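Since the structure comes first, as structure tokens, the remarks are kept for the end.
Please treat every number below as a calculation from the coordinates, not as lab data. What you see is a predicted model, and the numbers here were worked out from it, not measured in a lab. Don't worry about glycine lacking a Cβ; one is built from the backbone with ideal geometry, like all the others, and counts go over all protein chains shown.
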């Protein structure tokens, strides 16, 4: 019976054919070096359309530590990450991206930081964002400030999905019932005692990011609406302020007419006021629609993901 601590690594893949061999080679070298621990690596294929799945399956033939969780289609990174965390068996669980921007040397650093503390979670925070474009740096910083201003659940800035968690934390995460998942927010909502280590993020080894600006925008909206109702409350105040301004302006017009005898201003001011308040109403309805849409999707109780097949070697390292 192997009494070494079992460390599970969960890593989502989506159309990463150019990355699989490099990821496998670098990761096995890192795991072989950390011989004081047992490892299992769960690679989640999120409905890839290229050769990613075939390349991942080839790895299971050479290394019994590698397993492949094949989803039935592309459900998105948040769902794929949830799927991996639902099947891992380790005492410690590490999540990391497949693009190698988070250096694999972080695995040893995360474990060492956990061993030297009594923390339940070890976060990996980027020391800087120099590997991103200036636009990405500015928008990311603005989003973190906006989210944390609106929500009672604060997301640590510049902390991605790379982290170490104990089995207790992962079980708590898996017990959460929502199907529309914003993982950064859920990780923060769980609480538990956390510490942070810093690292320098590398540029992508190959391929390109699968997150377009549009997908990032939608993910950002999902994050805010998942953890704050303040946007709804804000529009209550906007409506109240608009009503007060309108009332004061109406009183002003009446007094002006009574005192000076001037006619009420014509169609231009009326047209402008109608357009302005109609636009405000539409924005308010749009924000309300975001929340109603989330309620509608959650009410269906569809699973977050579907598994087509769980591929693993005949001899399981965790048996």
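Taking a label point 7 Å from the Cα of residue 21 along the Cα→Cβ vector, which residues of region 39-77 have an amide N closer than 15 Å to it? Under 15 Å, as judged by backbone N against the label point of residue 21, lie 51-59 of region 39-77. Sorting 186, 110, 56, 306 by the number of Cβ atoms found within 10 Å of their own Cβ, with the fewest placed first, yields 306, 186, 110, 56. Take each peptide in 89-96, 288-295, 78-85, count the other Cβ atoms within 10 Å of every residue, and average; sorted highest first, the result is 78-85, 89-96, 288-295.
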